[in-house]
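For reference, the structure is listed below as structure tokens.
The values are calculated or read from the model by the stated rules, or taken from the named source; none is laboratory data. It should be emphasised that the depicted structure is a prediction, and the values quoted were computed from it without experimental measurement. Counting neighbours? That spans all protein chains shown, and the Cβs are built from the backbone with ideal geometry, glycine included.
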Amino acid sequence: MRHPWVLVLVVLGMGCQPIEPQSMRDIDFPDGFEIDTQREVSVTVDAANGADTSEHLSIRTDDGQMLFEGPGSFAVQYGLKLRVPAGTQALEFVEGTGSQAHSTVVSLDGTETSYTLGA
């Protein structure tokens, strides 16, 4: 036999079968597994009694991703729906800008949270 490696390749090639693609319905996911990379969170922003709510407001995820930025002039309770990364554990609310800015971190246990401006 002149080229024995050809026989080895032929035998190996006969044993290789292409893998059939599976449907998502055929995959067993463990309990609690979530394929979503984002979730919607309801945020209620309110003003403390007598608070000056004309400040700038920013809302960020716990890893610094900006979710909302704008004037913090909420004379009445205001609701926001925000899309956050699925693993987000807290939101940071920043009132004001520059050296006058102050921030508060609020835990995010579920799909809703609230924050009071000027509190």
Item to check | Residue satisfying condition, being modelled with pLDDT under 90, at negative phi and not in a loop (DSSP other than H, G, I, E, B), within set Leu82, Leu7 | outcome: Leu7
Next on the checklist: Criterion first (modelled with pLDDT of 80 or more and either loosely packed, with under 10 Cβ neighbours inside 10 Å or aromatic (Phe, Trp, Tyr) (or both)) does Thr37 satisfy it?
Outcome noted: yes
